[in-house]
Amino acid sequence: MTYTFKSRATGSVTMNHDLAEQVMHAIGHEPGPTGVITVAQMQAAIYAISNMGTPDDAASVAAHTSPLLDMLRRSLAAGKDVTWGV
């Protein structure tokens, strides 16, 4: 199963189930079939995602989350929420 993150400021980002749920926990959201990261929550979400992982796997996590981080940064600049669905 995958999660698809969407924003009116960018295209969509698809992420595997396990990583998407790790991201959601990191940003303080409960994983679920749908959800939203509001513009007000984005700066904290960017920080949390940027600091995910241990030193041993930080490069791997960064590589897999960079498209979502780009989406969040661009959405924040445009003032658009990011939603997700399964």
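The values are calculated or read from the model by the stated rules, or taken from the named source; none is laboratory data. Remember, it's a predicted structure, so these values are computed and weren't measured experimentally. Ideal geometry is used to build each Cβ from the backbone, glycine not excepted, and the neighbour counts take in all protein chains shown. The protein model used for the area step is the full one, side chains on, heavy atoms only, and it has no ligands, DNA or RNA in it. Shrake-Rupley method; radii C 1.70, N 1.55, O 1.52, S 1.80 Å.
Suppose all protein chains stay in the model; what accessible area per residue would a 1.4 Å probe give for the chain, in Å²? Please list the in-between numbers first.
Values: 4830 Å² over 86 residues.
Per-residue accessible area for the chain comes out at 56 Å².
Want the number for ARG8 to ALA40: 0.36 nm per residue separation, take away the alpha-carbon distance, what's left?
In short, 9.9 nm is gained.
Output ³J(HN,Hα) for segment 60-66: one whole-Hz value per residue in order, computed from phi by the Karplus curve 6.51 cos²θ - 1.76 cosθ + 1.60 with θ = phi - 60°, and x for Gly and Pro.
Using θ = phi - 60°, the values come out as 5, 4, 4, 5, 7, 9, 4 Hz.
Relative to the longest principal axis of the chain, what angle (0 to 90°, nearest 10) does the C-alpha long axis of helix 17-26 take?
Between the helix axis and the principal axis of the chain, the angle is about 80 degrees.
Residue by residue through segment 4-16, what is 3J(HN,Hα) from phi via Karplus (6.51 cos²θ - 1.76 cosθ + 1.60, θ = phi - 60°)? Round to whole Hz and write x for glycine and proline.
Calculated HN-Hα couplings, in order: 10, 9, 9, 8, 6, 8, 9, x, 9, 10, 9, 9, 5 Hz.
Of all accessible surface on the chain at a 1.4 Å probe, what whole percent is carbon and sulfur?
52 percent
Starting with the highest mean, order 63-71, 8-16 by the number of other Cβ atoms within 10 Å, averaged over the residues of each peptide.
Packing proxy ranking, top to bottom: 63-71, 8-16.
Let a ≥ b ≥ c be the square roots of the eigenvalues of the Cα gyration tensor of segment 1-46; is it rounded (a/c under 1.5), or, if not, prolate (a/b larger than b/c) or oblate? Numbers along the way, then the final one.
On the way: a/c = 1.83, a/b = 1.12, b/c = 1.64.
Cα axes put segment 1-46 in the oblate bin.
Helix 39-50 versus the longest principal axis of the chain: what is the Cα-based angle in degrees, 0 to 90, to the nearest 10?
Roughly 20 degrees between the two axes.
Given Cα positions, please report Rg to Rh for the chain, the hydrodynamic radius being the Kirkwood one.
Radius of gyration relative to Kirkwood radius: 0.93.
Is any residue of segment 25-42 close enough, with backbone N under 19 Å, to a label point placed 7 angstrom from the Cα of SER60 along the Cα-Cβ axis, and if so, which?
25-26
So what J values fall out for segment 77-86 if you push phi through Karplus, 6.51 cos²θ - 1.76 cosθ + 1.60 with θ = phi - 60°, rounded to Hz, Gly and Pro as x?
So the J values, rounded to whole Hz, are 4, 8, x, 10, 5, 10, 10, 9, x, 8.
Considering only DSSP beta bridges with both partners in the chain, what is the antiparallel share in %, to the nearest 5?
Percentage antiparallel, nearest 5: 100.
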